[in-house]
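One structure is given here, and the rest of the page talks about it.
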Amino acid sequence: ALRLAQKAVKLDPSFGPGWGSLSEAYMRKGLFEDALKAQKKAMELSPNDSLMRAAYGRLLGHIGRAEEGIKYVKQATRMSPDSLPMLYFLGSNYRAAGQFDAAIKALVEHRKRLGGRVVAPPTSQLIAAYVQAGQLDKARAEVAGLIRVSPRFTVAVAQRTHVYKSEAQMVLYVSALRKAGLPD
């Protein structure tokens, strides 16, 4: 993904979403400073693209600046109020910021707008938020539902899906998933 995103940016350096893809690849490789630079470039080139703004907000949450990230995701939500990724990114940032009730509300609304469909990455955030909010029974019920639809989704997969710069933030996330019963 990194190689292809680099190629896309080289082919058309004026295309904001190409920079957004590059940012995502950098983030997944743990190259957070490069990810920030690429995502800022994506926003600069595509100022009216709500997803580029929301992705920047999500990235801020992954590098330990969740409160600031929430502001960007909310801006993106005002730009595109019906965009589903916004609720997922918002919920993820609320959880990272320790606002567990707000995280649960956003992630439950995300699922509701999906017609009740269980999707692994946002569900893992919901599981962690429930555990961190002291609602272990709800977290365990979510794990059971997640395993039914995505039997290969494990803690290891969750760690690749949600990469945090801060080891402490990753430990909180992973330990919450384990406490809820998600297999390693």
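The values are calculated or read from the model by the stated rules, or taken from the named source; none is laboratory data. Given the structure is predicted, the values throughout are model-derived calculations rather than measurements. Here the Cβ is made from the backbone with ideal geometry for all residues, glycine too, and neighbour counts use every protein chain on show. Please note that ligands, DNA and RNA were not included when accessible areas were found on the heavy atoms of the full protein model with its side chains. Shrake-Rupley method; radii C 1.70, N 1.55, O 1.52, S 1.80 Å.
How many percent of the accessible area of the chain is carbon or sulfur, using a 1.4 Å probe?
About 54 percent, which is the carbon plus sulfur part of the accessible surface.
Applying the Karplus parametrisation 6.51 cos²θ - 1.76 cosθ + 1.60 with θ = phi - 60° to the phi angles of region 90-102, what ³J(HN,Hα) value in whole Hz is obtained for each residue in order, glycine and proline being reported as x?
Here the 3J(HN,Hα) series is 5, x, 4, 5, 4, 5, 5, 7, x, 9, 5, 5, 5 Hz.
List the extent of the Cα atoms of region 1-79 along each of their three principal axes, largest first, rounded to whole Å.
Principal axes ranked by extent give 33, 27, 15 Å for the Cα atoms.
If I take every Cα pair under 8 Å that is 6 or more residues apart in region 1-131, average their sequence separation and divide by the length, what percent do I get for the relative contact order?
The value is 15 percent.
Taking only the Cα atoms of region 55-142, how large is their convex hull per residue, in Å³?
Once divided by residue count, the hull of region 55-142 is 76 Å³.
At 1.4 Å probe size, with every protein chain present, just tell me what the per residue accessible area of the chain comes to in Å².
I get 49 Å² per residue for the chain.
Sort all Cα-Cα distances of the chain into consecutive 5 angstrom bins from zero, then give the percent of pairs in each bin up to the one containing the longest distance.
For the chain, the binned pair fractions read 1, 9, 17, 20, 20, 16, 10, 5, 1, 0, 0 percent.
Quick one: divide the alpha-carbon radius of gyration of region 107-166 by 2.2 N^0.38 Å and tell me what you get.
Against the compact-globule rule of thumb, the ratio is 1.09.
Note down the nm distance, to one decimal, between modelled labels 7 Å out along Cα→Cβ at Glu44 and at Ala168.
3.2 nm
Just subtract the alpha-carbon distance of Lys37 and Met79 from 0.36 nm times their residue separation and send over the number in nm, one decimal.
Difference between extended and current length: 12.9 nm.
Okay, helix-only estimate at 222 nm for the chain: each DSSP H run of n ≥ 4 adds -39500 (n - 2.57), divide by all residues, round to 500 deg cm²/dmol; what do you get?
Helices in the chain give a 222 nm mean residue ellipticity of -24000 deg cm²/dmol.
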